[in-house]
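Here is the structure we will look at.
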Amino acid sequence: MMTPTDFDAYSLHKAMKGLGTDEFILIEIMCSRSNDDLKAIKEVYEKKYKNTLEEDLKGDSSGHFRRLLVSLCQAAREEPCAIDAGRATKDAEALYQAGAKKLGTDESTFNMIMSSRSYPQLVATFDEYKKLSGHDIIDAIDKEMSGDIESAMKAVVKVARNRTAYFAERIMKAMKGLGTDDIHLIHLIVSRVEIDMQDIKEEFFKSYGKSITDWLQGDLSGDYRRLLQSLVA
């Protein structure tokens with residue numbers, strides 16, 4: 001059976017193999033894993049696929065999205081420590097100047113801050129941003145960006161604020177609406193089952209008023225349903 005690290009490396013390679021790229025998987029893994037996770041994934045990836053993860057990310061993405069993925073791939077996010085209030089204010093001002101107060105958007109400023117600051121420091125920055133601008137950082141990203149870079153930046157914000165809620169939301173969206181996003185639903189459940197699925201289940205119920213198991217019961221059928229229900233049980 002694959003370890004979580006092996007499964008992440010496999011999922012990334014599969015997401016970039018052949019025609020087309022599964023940006024959902026790239027965003028989910030690269031924007032949510034810790035420095036130690038990413039370092040381990042890179043080591044397994046290179047050993048198994050004879051190429052670096054960074055090179056494959058460069059070859060399968062473009063523009064500001066590629067630059068963010070490459071930055072995240074460095075696994076150089078600052079580790080949590082005492083929050084620097086002054087720095088949070090300066091970063092909030094930099095984000096405001098790079099987005100809402102500028103004609104066009106300076107994605108490089110967003111990239112630098114989002115990929116390097118610790119998650120607690122980012123949360124403090126987002127709080128300062130709202131005081132400064134009068135709106136949430138998610139609203140700014142909605143307005144200033146689009147496509148994959150928008151999705152990736154939002155993922156970083158949501159993971160910084162509450163990683164467990166981020167995964168609960170991703171699972172919910174994979175099941176909600178017409179048809180089930182089977183590939184991504186399977187990925188999300190399998191990738192978290194050995195790590196934090198119990199916490200995700202609690203967050204899911206708190207947010208949506210129904211258990212993941214009950215959602216699966218109504219959304220899937222047969223052995224496929226029973227298998228996923230057994231994984232989240």
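The values are calculated or read from the model by the stated rules, or taken from the named source; none is laboratory data. The structure presented is a predicted model; accordingly, all values stated were derived computationally and were not measured. For neighbour counting, all protein chains shown are included, and Cβ atoms are generated from backbone atoms with ideal geometry for every residue, glycine included. Heads up: the accessible areas ignore ligands, DNA and RNA and are worked out on the full protein's heavy atoms, side chains in. Shrake-Rupley method; radii C 1.70, N 1.55, O 1.52, S 1.80 Å.
For the range 1-28, the tally of residues that are more than 13 Å from residue 151 (Cβ to Cβ) and of a type outside the set (Ser, Thr, Tyr) stands at 16.
The number of residues in the range 203-223 that are in contact (Cβ under 8 Å) with a residue 24 or more places away in the chain and in a helix (DSSP H, G or I) comes to 8.
Answer yes or no: is there a residue in the range 119-136 that is basic (Lys, Arg) and at pLDDT 95 or above. Checked against the condition, which is being basic (Lys, Arg) and at pLDDT 95 or above, the range 119-136 yields at least one hit. The helices (runs of 4 or more DSSP H) falling completely within the range 60-173 that include 3 or more residues that are small (Gly, Ala, Ser) and farther than 29 Å from residue 204 by Cβ map to 85-98. Of the listed requirements (1) assigned to a helix (DSSP H, G or I); (2) under 17 Å from residue 156 (Cβ atoms), residue 46 misses just one: (2). In the range 1-26, the residues that are more than 19 Å from residue 196 (Cβ to Cβ) form Cβ pairs under 8 Å with partners that are not in a helix (DSSP H, G or I), at six or more places apart or across chains, as follows: 10/2; 14/22; 15/21; 15/22; 16/22; 21/61; 23/61; 26/61. Among the residues of the range 17-32, is there at least one that is at pLDDT 95 or above, closer than 17 Å to residue 160 by Cβ and assigned to a loop (DSSP other than H, G, I, E, B)? Yes, the range 17-32 contains at least one residue that is at pLDDT 95 or above, closer than 17 Å to residue 160 by Cβ and assigned to a loop (DSSP other than H, G, I, E, B).
Taken over the range 54-102, the criterion of being polar (S, T, N, Q), more than 18 Å from the chain's Cα centre (by Cα) and surrounded by 15 or more Cβ atoms within 10 Å (Cβ to Cβ) is satisfied by 89 alone.
State whether one or more residues within the range 120-143 are open to solvent by 40 Å² or more (accessible area, probe 1.4 Å), under 15 Å from residue 68 (Cβ atoms) and either under 14 Å from the mean Cα position of the chain (by Cα) or not aromatic (Phe, Trp, Tyr) (or both). No, the conditions are met nowhere in the range 120-143. Checked against the criterion of being within 24 Å of residue 10 (Cα to Cα), under 19 Å from the mean Cα position of the chain (by Cα) and surrounded by 15 or more Cβ atoms within 10 Å (Cβ to Cβ), the range 200-210 has at least one qualifying residue. What do you reckon, is residue 182 of a type in the set (D, E, K, R), within 22 Å of the chain's Cα centre (by Cα) and either open to solvent by less than 10 Å² (accessible area, probe 1.4 Å) or at pLDDT 95 or above (or both)? No.
For the range 147-161, the criterion of a residue being farther than 30 Å from residue 211 by Cα and either without any contact (Cβ under 8 Å) to a residue 24 or more places away in the chain or open to solvent by less than 50 Å² (accessible area, probe 1.4 Å) (or both) is satisfied by at least one position.
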